[in-house]
Amino acid sequence: MKRALQNKISSLPETCGVYIFKNSEGKIIYIGKAVKLKRRVQSYFRESSWKDEKVRKIAEESSDMDFIIVPSEREALLLEANLIYKYKPRYNILLKESRFYPYIYISRDEFPYVELRRDRKAPGMYFGPYTSTRLVRSILELLQRIFKVRSCKQSLDRIKKACFLYHLKMCSAPCVGKITKEEYKKSLDNFIEFLEGNTLSVRTSLEERMYRLADNLQFEQAKEIRDVLDSMDKLYSRQAVDVPQDLSIDVLALSSGILVLLEIRGGMLLGKLVYDFPEGKVSDFISQFYLAREKHRPKSLIVSGLRKTETNMFKSEFEYIGKPRTEFESRLMKIAFQNIEQELNIRIGAVETLKQTRNILGLKKIPRFIEGIDISHTQGLMTVASLVVFESGKPDKSRYRRYRIRNLEVPNDFEALATVIKRRYSKHPLPDLLFIDGGFPQLRAVSEALEELNLKTEIVGIAKEEEEIVFPDSRGKLKLPPDHPVMKLLVSIRDETHRFAVNYHRYLRERRFVSSEIDGIPGIGPKRKRLLMKHFKSVSRIKKASEEELCKVIKNKKIVAEILKWAKENGG
């Protein structure tokens with residue numbers, strides 16, 4: 001141990017706190033908490049502790065350390081969780097999401113807006129994560145009909161006229177003063193209360209209002225509330241777990257490095273969340289998921305595998321935390337473990353498919369990382385390429401990339417492929433298997449491009465005519481049944497590369513049409529073009545838009561009149 005580090009450790013207090021190990025470059029490599037700092041830190045440098053490989057590596061790599069004294073073990077727990085979340089040290093067990101889950105986001109504006117988000121970067125309040133985007137959109141649509149919280153992100157002081165959501169009774173229009181700040185806050189509080197699980201009181205309140213309106217012969221307004229209640233019932237009925245309507249709990253199960261969380265709010269199963277958590281403990285997950293992320297917590301957390309000391313650390317965060325208390329909660333825990341088993345079976349099936357892929361295609365190793373490339377254009381115009389990444393048989397959309405090919409004077413798919421290969425693999429490592437959407441000529445162009453870079457990897461493609469697997473060498477062609485696992489894997493990669501390439505090409509094509517058709521409209525510059533395309537998505541929809549629809553995007557009536565005139569002259 002270095003003398004400076006040794007001196008710092010010897011002067012540590014025997015109090016509660018958090019310790020931070022750093023390497024020779026000053027980078028944080030491990031963060032931990034302790035009731036007695038000095039005793040805990042010293043234990044890392046005893047050879048008797050080095051039976052644990054991670055402890056030995058931390059001791060060997062540590063050149064410096066910091067510590068923070070806190071008044072209690074609970075504060076140490078919170079601080080440790082937040083520091084791990086912030087710095088993501090190499091030797092801490094880190095929570096890795098197996099999928100990208102959506103959240104419901106509430107902004108911090110004077111009149112906050114709500115939206116679906118897949119990240120937690122913007123300051124504000126987050127609810128979730130939820131299982132699916134479709135579920136989140138359904139929840140938001142339902143709650144906007146009930147509470148009329150705004151969903152637009154525009155600066156309210158620039159809006160002069162209420163948008164169509166106000167006329168659809170899905171927004172209270174704070175932008176034009178249709179609701180006071182106090183009234184809006186009350187609606188937003190009820191919106192949050194619903195998301196936190198108090199759905200039964202919301203339903204009861206709606207029913208009472210519906211009957212009161214009906215008694216006063218206001219049948220049209222009563223019908224609107226009845227329609228909202230029907231939507232709520234349909235949303236609940238789509239969730240497959242039969243639970244009491246007032247139940248709001250999380251059920252947590254961990255096994256084989258996979259963690260499943262069943263999230264139930266107001267009697268509705270909002271999520272079956274799956275996380276990879278190898279070597280981690282349940283207590284690590286609770287710290288990182290609920291504490292560091294400042295996630296809204298359920299009243300009860302049903303979990304197995306917590307020691308008594310760990311349960312005591314978290315008990316102030318929940319009304320109840322611990323093992324199932326009832327037969328019903330035991331059934332939910334059983335469902336959670338069944339989902340872990342199902343996830344393991346899926347992954348085992350993916351591993352077996354990759355083993356078959358290696359054997360059937362004659363590859364040198366199991367293709368854990370596969371990248372697929374496709375080219376798209378319209379008669380040679382706006383040539384683009386897509387690159388998709390599959391890891392362990394599943395798409396990793398965060399690593400997808402798209403390329404614009406600008407150096408072609410005439411249409412040439414082979415030259416386009418060669419260009420992408422050189423741009424991609426002169427900077428990035430090769431995958432275990434490279435899939436090309438095309439036949440032997442395309443594979444030959446790719447092979448030649450790799451040779452120019454002095455690189456080599458396994459390459460396969462699918463010839464469109466006969467749906468045959470082709471190789472760039474003497475292996476020739478291979479015909480597999482459509483339902484063969486290897487063929488299904490390759491086809492899924494082919495379809496994904498095609499989808500990603502075509503979508504990018506459509507975007508560029510639409511942008512080009514906008515440039516050629518809209519540029520002539522007086523008052524339409526780059527900013528207003530972006531606003532129009534973001535809202536209407538296509539030129540044809542702009543042409544068909546009504547004056548009211550255009551006014552909610554373009555606030556200048558004279559320019560709206562010019563757009564309507566242009567649309568009429570151009571077949572709108």
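The values are calculated or read from the model by the stated rules, or taken from the named source; none is laboratory data. Everything numeric here is computed off the predicted structure, so don't read it as measured data. Cβ atoms come from the backbone with ideal geometry, glycine included; neighbour counts cover every protein chain shown.
The set of residues from region 5-48 being more than 29 Å from Glu310 (Cβ to Cβ) and loosely packed, with under 11 Cβ neighbours inside 10 Å comprises Asn7, Ser10, Ser11, Ser24, Glu25, Gly26. Do we have any residue at all in region 292-303 that's part of a helix (DSSP H, G or I), exposed (fewer than 15 other Cβ atoms within 10 Å of the Cβ) and either assigned by TED's automatic domain parsing to the domain that holds Gly393 or not basic (Lys, Arg) (or both)? Taking every residue of region 292-303 in turn, none turns out to be part of a helix (DSSP H, G or I), exposed (fewer than 15 other Cβ atoms within 10 Å of the Cβ) and either assigned by TED's automatic domain parsing to the domain that holds Gly393 or not basic (Lys, Arg) (or both). Filter region 319-338 for residues that are hydrophobic (A, V, I, L, M, F, W, C) and at pLDDT 90 or above; which is farthest from Ser255 (Cα to Cα)? Checked region 319-338; the qualifying residue farthest from Ser255 (Cα to Cα) is Ile321.
Hey, any hits in region 174-191 for a residue that's free of Cβ contacts under 8 Å to residues at least 24 places away in the same chain and among the hydroxyl-bearing types (Ser, Thr, Tyr)? Taking every residue of region 174-191 in turn, at least one turns out to be free of Cβ contacts under 8 Å to residues at least 24 places away in the same chain and among the hydroxyl-bearing types (Ser, Thr, Tyr).
Would you confirm whether or not region 533-542 contains a residue that is modelled with pLDDT of 80 or more and among the aliphatic types (A, V, I, L, M)? Yes, because at least one residue in region 533-542 is modelled with pLDDT of 80 or more and among the aliphatic types (A, V, I, L, M). Exactly one residue out of Arg150, Arg90 is assigned to a loop (DSSP other than H, G, I, E, B), of a type in the set (Lys, Arg), over 29 Å from Lys397 (Cα atoms) and more than 17 Å from the chain's Cα centre (by Cα): that is Arg150. Entry remark, region 396-436: residues being surrounded by fewer than 16 Cβ atoms within 10 Å (Cβ to Cβ), free of Cβ contacts under 8 Å to residues at least 40 places away in the same chain and either in contact with a Cys (Cβ under 8 Å, 6 or more places away or on another chain) or not charged (D, E, K, R) (or both) number 7 in total. Is one or more of the residues making up region 96-106 part of a loop (DSSP other than H, G, I, E, B) and in contact with a strand residue (DSSP E or B) (Cβ under 6 Å, 6 or more places away or on another chain)? The answer is yes; a qualifying residue exists. Picking from residues in region 263-291 that are within 20 Å of the chain's Cα centre (by Cα) and part of a helix (DSSP H, G or I), the one that is farthest from Ile192 (Cα to Cα) is Phe285. When region 404-456 is limited to residues that are part of a helix (DSSP H, G or I) and acidic (Asp, Glu), the one that is modelled with the lowest pLDDT turns out to be Asp413.
Applying the selection to region 365-390, what residues are at pLDDT 90 or above and exposed (fewer than 14 other Cβ atoms within 10 Å of the Cβ)?
Within region 365-390, just Lys365 meets the criteria.
Might you check whether a residue that is of a type outside the set (A, V, I, L, M, F, W, C), part of a loop (DSSP other than H, G, I, E, B) and farther than 23 Å from Ile258 by Cβ occurs anywhere in region 342-361? Scanning region 342-361 turns up no residue that is of a type outside the set (A, V, I, L, M, F, W, C), part of a loop (DSSP other than H, G, I, E, B) and farther than 23 Å from Ile258 by Cβ. Among the numbered conditions (1) under 30 Å from Glu548 (Cα atoms); (2) without any contact (Cβ under 8 Å) to a residue 60 or more places away in the chain, the only one that Pro123 does not meet is (1). Scanning region 470-487 for residues that are in a helix (DSSP H, G or I) and touching a residue at least 40 places away in the same chain (Cβ under 8 Å) yields Pro485, Val486. Can you list residue pairs whose Cβ atoms sit under 8 Å apart, with the first residue in region 49-76 being in the same structural domain as Lys22 (by TED's automatic domain parsing) and touching a residue at least 24 places away in the same chain (Cβ under 8 Å) and the second being among the β-branched types (Val, Ile, Thr) and in a helix (DSSP H, G or I)? Count only pairs 6 or more apart in sequence or on different chains. Close Cβ pairs satisfying both conditions: Met65/Ile9; Met65/Val41; Phe67/Val41.
For Pro481, the requirement of being more than 16 Å from Ile373 (Cβ to Cβ), surrounded by fewer than 21 Cβ atoms within 10 Å (Cβ to Cβ) and more than 33 Å from the chain's Cα centre (by Cα) is met. Remark: Phe100 matches the filter, which requires a residue to be more than 30 Å from Cys16 (Cβ to Cβ), among the hydrophobic types (A, V, I, L, M, F, W, C) and either surrounded by fewer than 15 Cβ atoms within 10 Å (Cβ to Cβ) or modelled with pLDDT of 90 or more (or both).
No other residue among Ile375, Ile348, Ile366 is closer than 12 Å to Leu433 by Cα and over 21 Å from the mean Cα position of the chain (by Cα) apart from Ile366.
One residue stands out among those in region 172-207 that are loosely packed, with under 14 Cβ neighbours inside 10 Å and in contact with a Leu (Cβ under 9 Å, 6 or more places away or on another chain): the one that is modelled with the lowest pLDDT, which is Glu207.
Residues in region 332-345 that are within 24 Å of the chain's Cα centre (by Cα) and surrounded by 20 or more Cβ atoms within 10 Å (Cβ to Cβ): Ala336 only.
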